[in-house]
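Contents: one structure, followed by commentary.
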Amino acid sequence: MSTQNQIQILRQHIQQWQNQFSHECEQTIHMPFEIGLFSQNFETLGYYFAEIMRNIDYLAKVSTDDIQKANFISEKIINQCAALREATQRQFRATPIKKAPQRISAEREALLKRINALPPRERLEKYYEGLNALNALIEKIKDQLATCPPQQQVQLQKNLEYQQQRRQKALSAIDNLEEFLARKR
């Protein structure tokens with residue numbers, strides 16, 4: 001494979017990487033880089049991608065006879081990519097979903113007490129209202145999953161799984177209450 005073909009493949013990889021972060025290109029990278037790696041610190045992600053592409057263009061113009069210069073520029077591009085990858089992983093990675101608090105808030109606890117104090121038929125209506133709200137929330141999350149950037153997909157997927165677990169619990173509670181009402185007749 002010729003040097004020009006390798007450079008073209010490198011350009012394509014950088015452009016694909018840049019496309020993955022298209023929504024974040026205008027955001028400032030808040031991690032300082034090693035001196036000499038990039039021309040400036042605390043610039044936008046798009047700025048750093050452009051600087052890497054300029055170095056690739058410069059590498060393409062270097063004579064094949066000047067191996068030392070080509071090696072130096074290649075190493076710089078490799079180091080720039082590694083540093084930028086680390087910075088993007090730190091800054092843009094999906095934040096983990098926090099565990100649900102062990103204690104239920106006083107407001108929610110009061111609501112649960114009021115619902116559980118209702119007669120069974122009215123309680124069943126409230127359960128169905130809650131199930132409908134959960135179904136709507138699950139559909140909303142599924143829609144967001146289809147259109148969100150890759151960095152947010154992990155977080156949304158975990159949220160979707162959590163809401164589906166809640167839905168299963170709601171269905172179980174509805175089944176139990178319906179069985180109770182059927183036996184009571």
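The distance between label points at Arg85 and Leu145 comes to 2.8 nm (points 7 Å beyond Cα on the Cα→Cβ vector). For segment 156-162, putting each phi into the Karplus relation 6.51 cos²θ - 1.76 cosθ + 1.60 with θ = phi - 60° gives couplings of 5, 5, 5, 5, 4, 4, 4 Hz, in residue order, rounded to whole numbers and with x for Gly and Pro. Between Thr44 and Ile29, the built amide H atoms are under 5 Å apart, and every one of these is 5 or more places off in sequence or on another chain. When its C-alpha radius of gyration is set against 2.2 N^0.38 Å (N residues), segment 106-184 gives a value of 1.36.
Contact order, relative form, for segment 115-185: 44 percent (alpha carbon pairs under 8 Å, 6 or more residues apart, mean separation divided by residue count).
Taking 0.36 nm per intervening residue step and subtracting the Cα-Cα distance, what contour gain separates Gln4 from Leu131 on full extension? Working shown, then result.
Working: separation 127, 0.36 × 127 = 45.72 nm, distance 5.94 nm.
Length difference between fully extended and current span is 39.8 nm.
Suppose every K and R has +1 on its Cβ and every D and E has -1 on its Cβ; what is the size of the dipole of the chain about the Cα centre, in Debye to the nearest 20? Please report the intermediate quantities before stating the final value.
Details: 26 positive and 21 negative charges, 259 e Å.
I would put it at about 1240 debye.
Here the peptides 147-155, 42-50 are ranked by packing, the mean other Cβ count within 10 Å, and the order with the highest first is 42-50, 147-155. Across the chain, C-alpha contacts under 8 Å between residues 6 or more apart give a mean separation that, scaled by the residue count, equals a relative contact order of 18 percent. Over all projection directions, the Cα-based convex hull of segment 34-185 averages an area of 14.4 nm².
Read the figures in this text as sums done on the coordinates, not as results from a lab. The structure displayed is predicted, hence computed values, not measured ones. A quick note on method: Cβ atoms are made from the backbone with ideal geometry, for glycine too, and the neighbour counts reach across all protein chains shown.
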